[in-house]
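Notes follow once the structure below has been shown.
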Amino acid sequence: MIPFGPITKERAKDTGMALTVVALLVYVFTQSRTAVFAAIALLALDMIVPVVFTPLAYLWFGLAFVMGLVVSRLLFSITFFLLLTPVGIVRRLVGKDELRLRDWKAGAGSVFKNCEHRYDKNDLSQPY
């Protein structure tokens, strides 16, 4: 099973268009006339027979899928270590213990708070 879904005619067209853009970018950076002719040929092929790009579409979308997995994990890891870890360290240094872990580890019994509140309709109208 392919993790990124089936390659449809539209996806093959998208791959052909992406290759055309790559050829045009090669022209912009190298001023090679061959890249322009390649872009024209790729565009004509994409408009006439887009199914030709189906094998490349498997490679293209497979690469995009793998890059999506890697980049998302990398960004979330960087975010965690650059934002959340310092906040946790500062809260620990300041002495915040919202979960009351020190009390629980001290073995002083339960750290749960008993809530003897009787709920009425006002609690439902403004829950926060």
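Tabulated values for the structure
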item	result
Check on Ile78, within 18 Å of Thr8 (Cβ to Cβ), without any contact (Cβ under 8 Å) to a residue 60 or more places away in the chain and loosely packed, with under 11 Cβ neighbours inside 10 Å	no
Subset of region 1-16 [surrounded by 16 or more Cβ atoms within 10 Å (Cβ to Cβ) and outside any loop (DSSP other than H, G, I, E, B)]	Arg11, Ala12, Lys13, Asp14, Thr15, Gly16
Matching residues in region 27-67 - criterion: being among the β-branched types (Val, Ile, Thr) and either in contact (Cβ under 8 Å) with a residue 12 or more places away in the chain or open to solvent by less than 70 Å² (accessible area, probe 1.4 Å) (or both)	Val36, Val49, Val51, Val52, Thr54
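The values are calculated or read from the model by the stated rules, or taken from the named source; none is laboratory data. The structure displayed is predicted, hence computed values, not measured ones. Using ideal geometry, Cβ is built from the backbone for each residue, glycine included, and neighbour counts are taken over all protein chains shown. Calculation scope for accessible area: heavy atoms of the full protein, side chains included, ligands and nucleic acids excluded. Shrake-Rupley method; radii C 1.70, N 1.55, O 1.52, S 1.80 Å.
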